[in-house]
Amino acid sequence: MAFDPTKPADHSPIVAQELRDQLNALRAESAKSIDTFGDPEFEFSDPPTYNDLRAIGDTLIDLVKRLKGL
């Protein structure tokens, strides 16, 4: 089941299976986003250079975009 942001409807009774399905769908979407992000590997200078810090920043920006679904 895909996540449906319209469920549960306002002021409706809580149905355990519906709520469970929604939470499982969110968990699956989150895992998919994180899995597609991959595992970046960085090698840093000591002290880090501007380019080292820029690579971290770009990676974090990409992560946030993926988590937001952009």
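The values are calculated or read from the model by the stated rules, or taken from the named source; none is laboratory data. Remember, predicted model here, so these are calculated numbers, not experimental data. Neighbour counts run over all protein chains shown; Cβ positions are idealised from the backbone, glycine included.
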Seminar exercise, completed: Among residues of region 22-70 being over 26 Å from residue 9 (Cβ atoms) and either in contact with a His (Cβ under 6 Å, 6 or more places away or on another chain) or among the polar types (S, T, N, Q) (or both), the residue modelled with the lowest pLDDT is 36
Seminar exercise, completed: Given (1) surrounded by 10 or more Cβ atoms within 10 Å (Cβ to Cβ); (2) modelled with pLDDT of 85 or more, residue 13 misses just (1)
